[in-house]
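Asker: Below is a structure I'd like to ask you about.
All of the numbers you see were taken from the coordinates with simple rules; none came from a lab. Because the structure is a prediction, the values reported are computed rather than measured. Neighbour counts run over all protein chains shown; Cβ positions are idealised from the backbone, glycine included.
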Amino acid sequence: MSAIPVRIASGNYDRIQAIKTGDVGIEGCRVDYVNLAPPETFRRLFEDQEFDVAEMSFSTYLLTRTQFPFPYTAVPVFLSRVFPHSSIYIRTDRGINGPEDLKGRLIGLPNYHFTRGLCVRGMLSDEYGLANEDVRWRIGGIDTPGGLQYMQIDPPPGIEAEQIPAGQTLGAMLAAGAIDAIITYRDPQVFTDKVPHVGRLFPKFRAAEQAYFKKTGIFPIMHVVGIRDALLAEHPWITANLMTAFEAAKQLAMPPLTDLDALAVTLPWLVAEAEDTIALMGADFWPYGIAKNRAAITAQTRWSVEQGITSRQLQLEEIFVPSTL
């Protein structure tokens, strides 16, 4: 059997490098690996269905399973994961000393359904009793106008979520005091630039996130991998081969994190951080597959319903290729 061409798109992570370089092959496939920033991947995937295999926003993918036709199905390979506490930026001069102080505030988002927002709102609701309806949401770009435009949806009934004026940005509005906070997938420039009165809701977010994991077992999933349905139908063997390759590539990326001989990342205490992470989360602290990710998947599918992104809580067999369950 000759190898089939497969075009893959994802961010340029350490955990995919071996597939990208060809050190780990996907059996039966001739791989063309494209590295793009996630927003660009998502735009080209959700709008144009450009790739055979691609990194997908988990929340947006869940949205498609109940609201939009979308010709891809996920496998439980989780290329991006982030705890939520680090992603909330506030005006530090507004008396916001904890999550409970966000009630009634104006909070910016790049879109309503993006995964970081799903997980931040879910955490705030579960852990601090801050309901989605307790906040007034404003939607727009963080550092440049526009925001995340793919798969736009209307907010559910009872939720105030309005677009900011054209040409404005949430970062500038936060700096000017026009809004009280931002939830975003990256540091806003006004935070990086140390603009006065802009800071994190959880300044010691590492400790807060570690405590959250100890309590809940949830390591939130930001991005999954999707396979084009037509490719799955024609070549059903590709699921197992793809899963095997992504796991092998991830395993090759792990040893350098604890290698003191020559640090793999430009971070002085890389090894100490890796060892602390292993002590807390186990050697396989970035797991693929269903078994080790049930807590996160269950929570995120529940939050999706609670926040009006999906119309019902999806079951595993509706989300992932059945052979991966």
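Asker: Take residue 325 and residue 12, extend 7 Å from each Cα along the Cα→Cβ direction, and tell me the distance between the two endpoints in nm.
Answerer: 3.9
Asker: Please list, ordered by chain and number, the residues whose modelled amide H lies under 5 Å from the amide H of residue 201; skip anything fewer than 5 residues away on the same chain.
Answerer: 88, 89, 90
Asker: Could you sort 81-88, 233-240 so that the peptide with the highest average Cβ count within 10 Å comes first and the rest follow in order? Mind dumping the intermediate values first?
Answerer: Values: 81-88: 20.9, 233-240: 14.2.
Those peptides, ordered most packed to least, come out 81-88, 233-240.
Asker: Apply the Karplus curve 6.51 cos²θ - 1.76 cosθ + 1.60, θ = phi - 60°, to the phi angles in segment 319-325 and return the couplings in whole Hz, x for Gly and Pro.
Answerer: Once rounded to whole Hz, the list reads 9, 10, 3, x, 5, 8, 7.
Asker: Another question, if that's okay. So, R0 is 45 Å and r is the distance between the beta-carbons of residue 313 and residue 278; what FRET efficiency does that work out to, to 0.05? Display every interim value, and only then the final one.
Answerer: Numbers: r = 33 Å, r/R0 = 0.73.
According to the calculation, E is roughly 0.85.
Asker: When the Cα atoms of the chain are enclosed in a convex hull and the volume is divided per residue, what value in Å³ results? Let's see the in-between values first.
Answerer: Values: hull volume 43.6 nm³, N = 325.
Dividing the Cα hull volume of the chain by its residue count gives 134 Å³.
Asker: Ranked by Cβ crowding within 10 angstrom, fewest neighbours first, how are 20, 214 ordered? List each step's numbers first, then the result.
Answerer: Numbers: 20 17, 214 10.
Fewest to most other Cβ atoms nearby, the residues stand as 214, 20.
Asker: Report, in whole Å, the centroid distance computed from the Cα atoms of segment 119-180 and segment 254-325.
Answerer: Segment 119-180 and segment 254-325 have Cα centres spaced 26 Å from each other.
Asker: While we're looking at this one, here's another question. Can you compute the modelled spin-label distance between residue 4 and residue 101, with each label point 7 Å from Cα toward Cβ, in nm?
Answerer: That separation, rounded to one decimal, is 5.6 nm.
Asker: OK, next. Would you work out the charge dipole size for the chain about its Cα centre, treating the Cβ of every Lys and Arg as +1 and the Cβ of every Asp and Glu as -1, and quote it to the nearest 20 debye? Walk me through the numbers on the way to the answer.
Answerer: Numbers: 29 positive and 37 negative charges, 99 e Å.
I would put it at about 480 debye.
Asker: For residue 213 paired with residue 27, estimate the spin-label separation in nm (one decimal), with each label point 7 Å from Cα along the Cα-to-Cβ line.
Answerer: The two pseudo-label positions are separated by 3.2 nm.
Asker: Past the 20 Å Cα-Cα mark, which pairs from 204/292; 214/292; 215/292? Walk me through the numbers on the way to the answer.
Answerer: Details: 204/292 27 Å; 214/292 14 Å; 215/292 15 Å.
From 204/292; 214/292; 215/292, over 20 Å: 204/292.
Asker: Below 8 Å, C-alpha to C-alpha, sequence gap of six or more: please give me the relative contact order for the chain in percent.
Answerer: Values: 559 pairs, mean separation 85.6, N = 325.
Dividing the mean separation by the residue count of the chain yields 26 percent.
Asker: Looking at the chain, send over the antiparallel percent of its DSSP beta bridges, to the nearest 5.
Answerer: Values: 18 of 37 bridges.
The antiparallel fraction comes to roughly 50 percent.
Asker: Let me ask something else. Do you know the relative contact order of segment 208-299, to the nearest whole percent, from alpha carbon pairs under 8 angstrom that are 6+ apart?
Answerer: Values: 39 pairs, mean separation 34.3, N = 92.
RCO, segment 208-299: 37 percent.
Asker: Related question: Hey, what do the phi angles of segment 185-202 turn into as Karplus ³J(HN,Hα) couplings, whole Hz, using 6.51/-1.76/1.60 and θ = phi - 60°, x for Gly and Pro?
Answerer: Computed from phi, the couplings for segment 185-202 are 8, 8, 4, x, 4, 5, 6, 4, 7, 6, 4, x, 6, 10, x, 8, 5, 10 Hz.
Asker: Please report the antiparallel percentage of DSSP beta bridges with both residues in segment 1-156, rounded to the nearest 5. Provide the component values of the computation, followed by the final result.
Answerer: Details: 0 of 13 bridges.
Within segment 1-156, antiparallel bridges account for around 0 percent of the total.
Asker: Please list, in order along segment 228-243, the HN-Hα scalar couplings obtained from phi with the Karplus expression 6.51 cos²θ - 1.76 cosθ + 1.60 (θ = phi - 60°), rounded to whole Hz, x for Gly and Pro.
Answerer: 4, 4, 5, 5, 4, 5, 7, 9, x, 5, 5, 4, 5, 5, 5, 4
Asker: Also, quick follow-up: Output the Cα-based Rg and Dmax of segment 85-216 in Å, rounding Rg to one decimal and Dmax to a whole number.
Answerer: Radius of gyration, then largest Cα-Cα span, for segment 85-216: 13.9, 42 Å.
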